[in-house]
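Coordinate-derived values only; no laboratory data. Everything numeric in this text was worked out from a predicted model, so none of it was measured. Methodologically, a virtual Cβ is constructed for each residue, glycine included, from the backbone with ideal geometry; neighbour enumeration extends over all protein chains shown.
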Amino acid sequence: MRALVRTLRPQQWVKNVFVAAPIVFARDLTDRSYLWREAVAVLAFCMLSGAVYAFNDVLDIEADRAHPTKRFRPIAAGQFSKRAALITSGVLAAIALGGCLALHWQLAVWGGLYFTLNLAYSVKLKHVAFLDVLMIATFFVLRVLAGAAAIAVPASAWLLACSGLLALYLALGKRAHELSWAQTSGKETTTTRAALAGYRLSTLRYAMFAIGLATSAAYVAYTLDHQRVAEFGTDRLVYSAPFVVLALVRFAYLALWRPKDESPTEAMLRDPWFLLDLAAATATVLYIIYG
């Protein structure tokens, strides 16, 4: 059971909070009927994420064994069989998509598309430089669309843009981190991730800077959008923008200048400064929208 839980990587399910973003910014967080529907949607995407991780680890078993930390994953370490992983993946996906369909057909559509694209990503698309990070951004956009479908509200174009840009920024940072580690350790890039052979570290750094600026600008534009100001009854949401910028800067530090022994997306979940900034940003947004 311990190997099963580790294979599903519940620590990565935090990404599925993006499914709940529409209910927060639609000011429906206090509506119990909407709240439980969104909770079901988040749970379904957590199950889909676990199913994808199990399937992915079966495909990546040889590459993971060549990686300094991924070699300890249960399947790569021989603690969890490939057959058990594939069965787990199929069962979780069936339950999750069934729950989505019971809640709303559009949620099932976005969930099905998310799962299908993830399978394609695991099999082929993650091996293509730049297409891999674009796919990751797409997954985050699909999460937001699913969350909006769960409570039958339209997804804001600005919210989708912010989510996609943020995900692209994080994905570029992760690739920069992996490439830097590969160069420092003397490993061939193709032994850890095939797509890394198509990247240059300097290009990734410039891309991170550009996407980081675009993400910050998109969030500011979202907070000052006339429709948002009318809905919230205030333009003070822009006061949360500095926290977004600080989070982006902190992630860049974790990705580019920390020791290259763990993923920056995992490091930020244990970084006290990042978590403090995240807590302050969350409190500020909730106070402005609901207070």
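Structure notes:
- Largest GNM mean-square fluctuation across Ala230, Ala21, Ala241, computed for the chain with C-alpha springs under 10 Å, falls on Ala230.
- Residue of Met47, Met268, Met135 that the Gaussian network model of the chain assigns the largest fluctuation, springs spanning Cα pairs under 10 Å: Met268
- Using only side-chain charges placed at the Cβ, +1 for Lys and Arg and -1 for Asp and Glu, the dipole size of the chain relative to its Cα centre rounds to 740 debye.
- Computed E for Glu266/Tyr239 - FRET, C-beta separation, R0 51 angstrom, nearest 0.05: 0.95
- Of Gly212, Gly112, Gly78, the one that fluctuates the most in a GNM where the chain has Cα springs shorter than 10 Å: Gly78
- Label point distance in nm, Lys82-Leu4, each placed 7 Å from Cα along Cα→Cβ: 2.1 nm
- Cα gyration tensor shape of the chain, rounded if a/c is under 1.5, else prolate or oblate by comparing a/b with b/c: oblate
- Extension reserve of the Gln227-Leu43 stretch, reckoned as 0.36 nm per residue once the Cα distance is removed: 63.2 nm
- Contour excess over end-to-end distance, with Cα ends at Ala217 and Leu276 and 0.36 nm allotted per residue: 19.0 nm
- Cα centroids of the stretch 223-237 and the stretch 31-53: 28 Å apart.
- Between Gln106 and Ser202, full extension at 0.36 nm per residue minus the direct alpha carbon distance yields a gain of 30.5 nm.
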